[in-house]
1. Please identify which residues in the stretch 131-162 have an amide N closer than 19 Å to a label point set 7 Å out from the Cα of Val114, following the Cα→Cβ vector.
2. Using θ = phi - 60° and the Karplus curve 6.51 cos²θ - 1.76 cosθ + 1.60, what whole-Hz ³J(HN,Hα) does each residue of the stretch 153-163 get, with Gly and Pro shown as x?
3. Return the carbon/sulfur percentage of the accessible area of the chain, one whole number, probe 1.4 Å, all protein chains in place.
4. Give me the 1.4 Å probe accessible area per residue for the chain, excluding ligands and nucleic acids, in Å².
5. Taking amide hydrogens as modeled 1.01 Å from N in the peptide plane, which residues meet the under 5 Å criterion relative to Met151, leaving out close sequence neighbours?
6. Run lengths n ≥ 4 of DSSP H only: what is the helix-derived mean residue ellipticity at 222 nm for the chain, with -39500 (n - 2.57) per run over all residues, to the nearest 500?
7. Name the most mobile residue of Gly43, Gly62, Gly177, meaning the one with the largest mean-square fluctuation, in a Gaussian network model of the chain with Cα contacts below 10 Å.
8. Ordered by residue, what ³J(HN,Hα) values in Hz, to whole numbers, does the stretch 172-187 give under the Karplus form 6.51 cos²θ - 1.76 cosθ + 1.60, where θ = phi - 60° and Gly and Pro are x?
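The values are calculated or read from the model by the stated rules, or taken from the named source; none is laboratory data. Source: prediction; values computed, not measured. Ideal geometry is used to build each Cβ from the backbone, glycine not excepted, and the neighbour counts take in all protein chains shown. When the accessible area is computed, the model is the full protein with side chains, heavy atoms only, and any ligands, DNA or RNA have been set aside. Shrake-Rupley method; radii C 1.70, N 1.55, O 1.52, S 1.80 Å.
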Amino acid sequence: MSSPKRRSRSRPSAGLAIAVLVGVSTALLPLLRVVEPGAWLVGAFAIIALVLAAGYVARRFGLPPLTVSLIGIGVWVVTVSVVFFRSSALFGVIPMPATFRDIPLLVDAAMTQVRDGAAPLDAGVALSFLIVAAAGLLAIAIDHVVVSARMPLLAAVALITIYLIPAIAVPRSVDIGTFIAFAAGLMLLLGGE
């Protein structure tokens, strides 16, 4: 028989899921310094919301942390396949060998654009794929670290690092609005429990 304290601790927290959503989303805002706003921005926020919602629902059903993360990865794979690899995926959803051959080509094209381009970059399909896919994977990792492993401070360090990379790449004055949003996101993340 489980104690009431144990039962309440294992129950998923909507507040914590929202804190992860806000923290991860605001950590990506400095990308607007180096990449022109476009569909990638909506795609990144959408994939973050989808994988975190899937994780929250999985936790509501009492699934173990590893299973929750695997469900998040499944949602990520399906979402990326539908958005970027519909033509090579089975039924537009399930990645096939042709899909896996296309991925390195897109990553290479995105890296070439980052290496050879100047900020702000125009986000084509390749760069959009890279940003959206990375945002989804980041959301899965941060969700696992914060919610499953209960280490929000470690997640905050990772998000601060991600927040700082575009600022270092394109030195400019600090965007106060973005900084305040990110700081609020971190505070939510650290105080979310």
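1. Hits in the stretch 131-162 for Val114 at 19 Å: 131-142, 158-162.
2. With the stated coefficients, the stretch 153-163 comes to 5, 5, 5, 4, 4, 4, 5, 4, 4, 5, 5 Hz.
3. Roughly 73 percent of what the probe reaches on the chain is carbon or sulfur.
4. On the way: 10560 Å² over 193 residues.
Computed with neighbouring chains in place, this is 55 Å² per residue.
5. Under 5 Å from the amide H of Met151: Val146.
6. So the calculated ellipticity at 222 nm is -23500 deg cm²/dmol.
7. Looking only at Gly43, Gly62, Gly177, the biggest GNM fluctuation is shown by Gly177.
8. Each residue's phi maps through the Karplus curve to give 8, 5, 5, 7, 4, x, 5, 5, 5, 4, 5, 4, 5, x, 5, 5 Hz.
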